[in-house]
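The values are calculated or read from the model by the stated rules, or taken from the named source; none is laboratory data. None of these values were measured; they are calculated from a predicted model. Don't worry about glycine lacking a Cβ; one is built from the backbone with ideal geometry, like all the others, and counts go over all protein chains shown. Accessible surface is based on the protein model in full, side chains and every heavy atom, while ligands, DNA and RNA are left aside. Shrake-Rupley method; radii C 1.70, N 1.55, O 1.52, S 1.80 Å.
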Amino acid sequence: MENGVIKLGRLIAATKVASLILPIVVIIILADGVALSEDISLREEESLNGTWEFTTIVGGIPSEPCDINVPEYWNADPGFHTDRGIYKREVNVPSSWSGKVIKVEFEGVNHIADVYFNDQFVVRHIGGWIPFSVDITNYLTMTEPNQTFTLKVDVKGGNHWPIVDANDPNKPLWPVGWYGHQDPNNPDDPNRGGWGIMSDVRLRAYGKAHINDAFIQTSYRNKTITVDYELLNMDTIAHTVNLEADIIPADSNEVVKTLGPNTINLPANMTSPQKITLTTPWVTPDLWMPDSPNLYILKSRLKESTDVIDGETRRFGFREIWISGDHYILNGVRLNLYGDSMNEHQQHFATHRYNLLTPATCPNTVDNYLATNVRWIRFHMGPIYPFVLDICDEKGLMVMDESAIYGRPYMKPVYEDLTLRDAYMSNSKEWIKSWIKGRRNHPCIIIWSASNEMGPDYEWAGPWDPNLIRQWGDEIRKYDPTRPVCYDGDGAPDGQIFNKHYPESYGQNWHTTIYDGYPPPAAGQDKPAGIGEFLTHYGDYGEENKWMHGIIVRGLRYLGWDDIRPYRLSWIWDVNEWGSDRWKILRNGYAFVGLFDKAYDELKTDPIMEGIYPDVNEGQWQDRTLILFNDEFQGTRVQVERSEEHTSELQSHSFISYAVFCLKKKKTSYTSLF
């Protein structure tokens, strides 16, 4: 064997060779059950999800109030046709929270939210998908055992200023993802993004002096854990506090590491947080890896003398992702990313969201991806719900989380007008800050996608200057310097990662060879290179491309692409193809340890769809080139076995004879064998 290529001589005693689908024996290790995210609360909190009163405003006229479920896009179920809606519910504040800072916290509202306490305006928030909190402490009297108030949220859709230009609602000034500034009830395009309270709402209690944020950073190379804290004192008197933390495994109560204590003086009436960093060596943590997604709990507290005056709990995994030359490295192991893009949370949400991405269905969705050997997914067109990231943390599905900075023709006039362009750049950077800070402790997020199809290949979107596009990546790194940043489909604006879409041209089939067709271009040969989208599963070649997804990925792996994502694998769910031959080809193409017959792969779908097989000469030796991959995270010793199968050919008395190569493997202690 040389460079993973095995050549075998084989005597073929027939005129034709049958189609070969290689049976690969692959062991999939799924994580044992750990405490689900619902069991890990950040701090004292009450969920405000559930049934709210809802009133639509159409032409300035309110409808009769009715019930709506939160979280939910209002145009999804039951399908309200409006661009403005008012949510109301009664909220009870526990009497035990007296003397604390009380906040209402939203994970995401699309796109403008005016928040009221008992009909008294409190604050306006602008920007979809991103978290924000509303301090209601000064509105509470807490003179009764349990105070109840009316929480009202007046939500405006993406077609309102300042999400869009006041003079032209077709020109977004904030990130809107897939046509999120246009009517989602448009019958000509029912798949546009939704409006409303689209993610979780909570009531939370904080100490007067409290932990406002914590960014957990783990380093495999330095063998350390570092936590950047933000502390805030909203009391009228100063506090001298000790900041300390315990780390325990998510499935245990044993403290395995401590941070602090550090003594900090917090002045009274702080209006901006004080930043404190705690760090400690950690030589032998249980690493978060896709095949063993170990999780830890960080329990942080502020103590004044011996009294705990504030505390919070955050979950994390110990892992580090970095770039070395033209490869990704995860915890010291080369990482190849072969996966999918999913956008059912926004485009097509009305059909797929309820099947795939609810708290009840998402664990099964992730399990099905893993059973297909897909361990890497890009949530496309806008950030995914936080509970989905929790599930991916637990099960080891790696994630590219993508911003809502999305290139389409409506971005061209924004780019061409300097005033609008400057406004969009400023607003998108503000949006990025909340997006990154709200998600950066999830170990499943491996790469951030700053934007989609905004650059030189997309004239209809601008095209936006790469020097502007890279500013979004620079902004991301301000709040998370620990992960690589990609600009999906836009090449390499900052020179770190190269990513291209549709080398075959959008909507086409694969019209070159499998193993020689599209190697990474010169711009992608000295850095990780990815094909973020190729071979659409719809259009004129959709049915053929579905068969090809599992074949093309083999050649792209061979050519050295580090990130491979057909567009898209949702066809498996569309017609319930689990267990079908097409699904098996896909699963084998994604196999972590895979053995592929080069000549048969080059036939593409001809044996399957056309019944075309290669001609061979009876009695002559045939050379067979087998391509062997190892993309596991530990060394693997393999044994290649060959068996023969014969089937009669009805047209003659000859036989079809072909070899089936079966790959068996067993774990070893080697770091890498291939």
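Figures for the structure shown
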read-out	value
Qualifying residue in the range 316-336 (condition: open to solvent by 60 Å² or more (accessible area, probe 1.4 Å), of a type in the set (Lys, Arg) and closer than 25 Å to residue 588 by Cα)	yes
Criterion (free of Cβ contacts under 8 Å to residues at least 40 places away in the same chain and either of a type in the set (A, V, I, L, M) or out of contact with any helix residue (DSSP H, G or I) (no Cβ under 7 Å at 6 or more places or on another chain) (or both)) met by exactly one of 294, 262, 242	262
Sole exception among (1) in contact with a helix residue (DSSP H, G or I) (Cβ under 6 Å, 6 or more places away or on another chain); (2) buried (at least 24 other Cβ atoms within 10 Å of the Cβ) for residue 577, by number	(2)
Matching option when the condition is over 23 Å from the mean Cα position of the chain (by Cα), open to solvent by 20 Å² or more (accessible area, probe 1.4 Å) and charged (D, E, K, R), among 246, 200	246
Positions within the range 525-552 being over 21 Å from residue 587 (Cβ atoms) and without any contact (Cβ under 8 Å) to a residue 40 or more places away in the chain, in sequence order	538, 539, 540, 541
Leading residue by the ranking (nearest to residue 379 (Cα to Cα)) among those in the range 135-151 that are in a strand (DSSP E or B) and touching a Leu at 6+ places or on another chain (Cβ under 9 Å)	151
Wholly enclosed helices (runs of 4 or more DSSP H) of the range 358-421 bearing at least 1 residues open to solvent by 10 Å² or more (accessible area, probe 1.4 Å) and within 30 Å of residue 465 (Cβ to Cβ)	412-416
Residue 427 vs. criteria assigned to a loop (DSSP other than H, G, I, E, B), open to solvent by 10 Å² or more (accessible area, probe 1.4 Å) and not basic (Lys, Arg)	no
From the options 212, 233, 191, residue that is open to solvent by 30 Å² or more (accessible area, probe 1.4 Å) and either acidic (Asp, Glu) or at pLDDT 95 or above (or both)	212
Index of the failed condition, residue 569 passing every other in (1) modelled with pLDDT of 95 or more; (2) open to solvent by less than 10 Å² (accessible area, probe 1.4 Å); (3) assigned to a loop (DSSP other than H, G, I, E, B)	(1)
Enumeration of residues in the range 257-315 that are part of a loop (DSSP other than H, G, I, E, B), open to solvent by 50 Å² or more (accessible area, probe 1.4 Å) and closer than 20 Å to residue 218 by Cα	283, 284, 286, 294
Sole exception among (1) modelled with pLDDT of 95 or more; (2) surrounded by 15 or more Cβ atoms within 10 Å (Cβ to Cβ) for residue 80, by number	(1)
Residue in the range 596-613 that is farther than 22 Å from residue 550 by Cα, open to solvent by less than 40 Å² (accessible area, probe 1.4 Å) and either in a loop (DSSP other than H, G, I, E, B) or at pLDDT below 85 (or both) present	no
The range 455-495, subset of a type in the set (S, T, N, Q) and more than 22 Å from residue 220 (Cα to Cα), residue most open to solvent (accessible area, probe 1.4 Å)	467
First in the range 164-186 and without any contact (Cβ under 8 Å) to a residue 24 or more places away in the chain and under 25 Å from residue 56 (Cβ atoms), second anywhere and part of a strand (DSSP E or B) and open to solvent by 10 Å² or more (accessible area, probe 1.4 Å), Cβ under 8 Å, 6 or more apart	164/170; 164/171
Close pairs (9 angstrom Cβ cut-off, 6 or more residues apart or separate chains): modelled with pLDDT under 85 in the range 625-644, small (Gly, Ala, Ser) anywhere	634/669; 634/672; 635/669; 635/672; 642/659; 643/659; 644/657; 644/659
Test result for residue 122, touching an Asp or Glu at 6+ places or on another chain (Cβ under 9 Å), in a strand (DSSP E or B) and crowded, with 20+ Cβ neighbours inside 10 Å	no
Check on residue 105, under 27 Å from the mean Cα position of the chain (by Cα) and either open to solvent by less than 20 Å² (accessible area, probe 1.4 Å) or modelled with pLDDT of 95 or more (or both)	yes
Filter result for the condition that a residue is part of a loop (DSSP other than H, G, I, E, B) and closer than 23 Å to residue 334 by Cα, over 578, 561	561
